[in-house]
Amino acid sequence: MDQLIVEFDKALRTLFAPARTVRPVPGGDMPDTLLSDAQREHVAGLMRVNHCGEICAQALYQGQAIMSRDASVRRELEQASNEETEHLAWTEQRIAELGGRKSLLNPLWYGGSLALGMLAGRLGDRWNLGFLAETERQVEAHLGGHLDQLPAEDQKSRETIRQMKIDEARHADTAIGLGAQELPGPVKAAMKIMARVMTTTSYRV
Ligand SMILES: [Fe+2]
Ligand SMILES: [Fe+2]
């Protein structure tokens, strides 16, 4: 019961309280360049997608940590999850600076990701870590795509995304180092489809 309350509290905080960051926001002290309305709206959309992705990451890690049997795996999940909280804070700040808003669908994606994380966790730590590694690889690639899409003038957003991309790659490497199992191709493909639904909807809603 206590555990349930702790986890529920975590969910509420992720969804509704401002996230905190220990590291300074990458690019946070750079001056904001003047963007056109269309550019500003586009970047806010990209940042909304990334913010939603970080909400999903919180839920995935939470679900996986609840189910993991190995204390060292749980510790690694918590460490990575702390960095995801920072990503949450960074994207949140950038959305506010751009005058945008967070995705209305965040609670929905949180619930789905939590269930998925728990499912991965139930399959045992090697699969759990495999799921984590693949998620991080896909997020890393996705962030690379955003770097290409950002207006050249927006160095601030670029700095934030660049650091996030470095962190996600490290999360994947850590999972592989801990013995992640390579996922079957169809599972990876299904994850990509799901990610695509998330990114296209949260860009708009
Ligand atoms: Fe992240
Ligand atoms: Fe990550």
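The values are calculated or read from the model by the stated rules, or taken from the named source; none is laboratory data. Every value quoted in this text rests on a predicted model; they were computed, and no experiment measured them. Ideal geometry is used to build each Cβ from the backbone, glycine not excepted, and the neighbour counts take in all protein chains shown. For the accessible areas, the whole protein counts, side chains as well, though only heavy atoms, and no ligand, DNA or RNA atoms are used. Shrake-Rupley method; radii C 1.70, N 1.55, O 1.52, S 1.80 Å.
Given a 1.4 angstrom probe, I'd like the percentage of the accessible area of the chain that is carbon and sulfur, rounded to a whole number.
Values: 6370 of 10480 Å².
Carbon and sulfur atoms account for 61 percent of the accessible area of the chain.
Pairs of Cα atoms nearer than 8 Å and 6+ residues apart set the relative contact order; for the chain it is 30 percent. Rounded to the nearest 10 degrees, the inclination of helix 37-67 to the longest alpha-carbon principal axis of the chain is 10 degrees.
Here the stretch 86-154 has an Rg and Dmax of 15.4, 46 Å, counting Cα atoms alone. Taken one residue at a time, the phi angles of the stretch 196-204 give Karplus couplings (6.51, -1.76, 1.60, θ = phi - 60°) of 5, 4, 4, 5, 6, 6, 6, 5, 9 Hz. Gly and Pro are set to x. Calculated accessible area for the stretch 65-155 comes out at 46 Å² per residue, all protein chains present (probe 1.4 Å; ligands, DNA, RNA ignored).
Hey, if we sort ASP125, ASP70 by accessible area with the 1.4 Å probe, largest down, what's the order?
Values: ASP125 35, ASP70 65 Å².
Order by accessible area, largest first: ASP70, ASP125.
Put a dot 7 Å past the Cα of VAL6, heading toward its Cβ, do the same for ALA38, and the two dots end up 5.1 nm apart. For LYS188, the accessible surface of its heavy atoms amounts to roughly 50 Å² (probe 1.4 Å, protein chains only, rounded to the nearest 10). Taking all Cα pairs closer than 8 Å and separated by 6 or more residues, the relative contact order of the stretch 50-105 comes to 46 percent. Gain on full extension, evaluated as 0.36 nm per residue between ALA152 and ALA115 minus their Cα-Cα distance, stands at 9.5 nm. For the stretch 78-173, the relative contact order comes to 31 percent (Cα pairs under 8 Å, sequence separation of at least 6).
Relative to 2.2 N^0.38 Å, what does the C-alpha radius of gyration of the stretch 71-205 come to as a ratio? Two decimals please. If you can, show how the numbers build up before the last one.
Numbers: Rg = 15.4 Å, N = 135, 2.2 N^0.38 = 14.2 Å.
Taking the Cα Rg and dividing by 2.2 N^0.38 Å, one obtains 1.08.
Across GLU84, GLU140, the residue with the most accessible area heads the list, and the full order at a 1.4 Å probe is GLU140, GLU84. Helical content alone sets the calculated 222 nm signal of the chain at -27000 deg cm²/dmol, taking -39,500 (n - 2.57) per DSSP H segment of four or more residues and averaging over every residue. Sorted largest first by accessible area at a 1.4 angstrom probe radius, with every protein chain in place, the residues TRP90, TRP127, TRP109 fall in the order TRP127, TRP109, TRP90. Only Cα sites of the stretch 1-114 enter the Debye sum here, all with the same form factor; the resulting log10 I(q)/I(0) across q = 0.11, 0.18 1/Å is -0.40, -0.92, listed in q order.
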